[in-house]
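Values in this text are rule-based calculations from the coordinates and carry no lab data. Note that the coordinates shown come from a computational prediction; the quantities given were computed from them, not determined experimentally. Every residue, glycine as well, gets a Cβ built from its backbone with ideal geometry; the counts of neighbours run over all protein chains shown.
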Amino acid sequence: QTQRKICMKGAWSFLKHPSKKDVAPRKRRKALDRPPSEFTHLVVLDLEWTCDNIRRVDPLEIIEFSCVLVKQEKRQPGLQVISEFSRYLRPVVNQALTNFCIDLTGITQDQVNK
């Protein structure tokens, strides 16, 4: 394995080549790696928007906004549903839902027209 030498002159001459430590894989911590023990209540959001499998839909418009409030008990595993909310929204630009969108989301044209 040969390394290519890069000539760095001028304004960038202060830069060094990365070391093995610089490019070594690092374990990344994600927000949901561990259970959210600090919170007793969580809101889970779900958005559905206009879509099609044949042509690009531009702009994407939200057609359903729903959320669920859940409670986490420290003494009990799992989550308890406290409340649910859902609203259908009528798209403004692409007012007619495509057959693909109806099949994918289960949302009908009548639901968004109300």
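Based on the Cβ-Cβ distance of T40 and H17, what FRET efficiency does E = 1/(1 + (r/R0)^6) give at R0 = 41 Å, to the nearest 0.05?
0.25
Under 5 Å between amide H atoms, partner at least 5 residues away or on a different chain: which partners does E64 have, H built in plane at 1.01 Å?
Under 5 Å from the amide H of E64 lie the amide H atoms of E48, L89, each far enough along the sequence or on another chain.
Three principal axis extents, largest first, for the C-alpha atoms of segment 46-103, in Å?
Extents along the principal axes, in whole Å: 50, 20, 17.
Mind listing the long-range amide H neighbours of H41? Cut-off is under 5 Å, sequence gap 5 or more, other chains count too, H placed in the peptide plane at 1.01 Å from N.
Q72
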